Amino acid sequence: DQQVKQNSPSLSVQEGRISILNCDYTNSMFDYFLWYKKYPAEGPTFLISISSIKDKNEDGRFTVFLNKSAKHLSLHIVPSQPGDSAVYFCAAGGRGGGTASKLTFGTGTRLQVTL
Amino acid sequence: GAVVSQHPSRVICKSGTSVKIECRSLDFQATTMFWYRQFPKQSLMLMATSNEGSKATYEQGVEKDKFLINHASLTLSTLTVTSAHPEDSSFYICSAREGGPGNQPQHFGDGTRLSIL
C-alpha cells in the first residue's frame, strides 16, 4: 500500500522555466510534509517542508504548496537551473506514521533541466 | 547545516560475512536515527528506528536478528548486517533527526552500497 505517491517518474524542463513536481498521499493522519533532492550515489538532501497548518511555504526558488482537501502537495522550482537536475522525493510524517518522526517516502521524480 | 556522516560508502564482501555500517551526526545530537534500504528505481524503505539508549523499533518484515542496530550515543548508530547473503545487496542509508519540539527534518548520510558476492 503506497501511502505517498509520485505519479510522474520523470520530468524535463527548460532552464529558466518553472518545474512543478507533484505528490499525492492517502493517509489523512499525515501532518508534516517534506521534499528531498537526491543525486546518484548520495543520500537525500533536505530541501523544504510544510506543516499541515499551512498551505504554502517558500524558500528562495523553492515553494511547496499543500492542498489538504485533495491530499496533494507540489514543489515549484523557479527559475529552474541545470544544477536542479536530480531525483526529488516527497515524504510525509506525523501521526499517520506511527510516531511523530517517522517518514514515508514517495517513489521519486527524476527532474532533468535542459539548456 | 546538519551533517550526517555514513561509513563505509561501499562494501564488497563474500556471502556469510557480517558487515557493520556506521552513522554519525557530526554537528548535532540525534536522539533518533533511522535506517533505510533502497532498491534500484524504488523509494526509500524504512527498516528501523534507532533510539539512543533503547532498543530499535523494526518495521514489519525486517528481521531483527539479521539487521542488528545499536545506538550507543547521541551521535552514533550502527547497523550490522549479519551473515550477509546476495539478496542483502542494496543501498543502505541512515538519517538522523535533531531533538527539540515540533517537527524536525531528517538529515541523511550519503549511503552505503553493499554488494554480497
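The values are calculated or read from the model by the stated rules, or taken from the named source; none is laboratory data. For clarity, every value in this text was computed on a predicted model and none was experimentally measured. Positions of Cβ are generated from backbone atoms using ideal geometry, with glycine treated the same way; all protein chains shown enter the neighbour counts. Ligands, DNA and RNA are excluded from the accessible area calculation, which covers all protein heavy atoms including side chains. Shrake-Rupley method; radii C 1.70, N 1.55, O 1.52, S 1.80 Å.
Tell me whether segment A:41-60 contains one or more residues that are in a strand (DSSP E or B), away from every other protein chain (no Cβ under 14 Å) and farther than 25 Å from B:PHE34 by Cβ. The answer is yes, given that some residue of segment A:41-60 is in a strand (DSSP E or B), away from every other protein chain (no Cβ under 14 Å) and farther than 25 Å from B:PHE34 by Cβ. A:SER74 meets each of the listed conditions (1) at negative phi; (2) more than 10 Å from the chain's Cα centre (by Cα); (3) modelled with pLDDT of 95 or more; (4) more than 12 Å from chain B (Cβ to nearest Cβ) apart from (2). Taken over segment B:49-100, the residue count meeting the criterion of being in a strand (DSSP E or B), open to solvent by 70 Å² or more (accessible area, probe 1.4 Å) and farther than 17 Å from B:VAL19 by Cβ is 2. Close Cβ contacts (under 6 Å, 6 or more residues apart or on different chains) running from residues in segment A:94-115 that are at pLDDT 90 or above to residues that are open to solvent by less than 30 Å² (accessible area, probe 1.4 Å) and of a type in the set (D, E, K, R) comprise A:VAL113/A:ASP84. Among the residues of segment B:7-25, the one identified as open to solvent by 20 Å² or more (accessible area, probe 1.4 Å) and under 15 Å from B:GLN106 (Cβ atoms) is B:ARG24.
Determine whether B:GLU98 is farther than 20 Å from B:GLN38 by Cβ and either facing chain A (nearest Cβ under 10 Å) or of a type outside the set (Gly, Ala, Ser) (or both). So B:GLU98 passes the test. Going residue by residue through segment A:53-69, is there one that turns out to be over 13 Å from the mean Cα position of the chain (by Cα) and buried (at least 18 other Cβ atoms within 10 Å of the Cβ)? Looking for residues that are over 13 Å from the mean Cα position of the chain (by Cα) and buried (at least 18 other Cβ atoms within 10 Å of the Cβ), one finds none in segment A:53-69, hence no. Among residues of segment A:77-93 being crowded, with 20+ Cβ neighbours inside 10 Å and within 14 Å of another protein chain (Cβ to nearest Cβ), the one that is modelled with the lowest pLDDT is A:GLY93.
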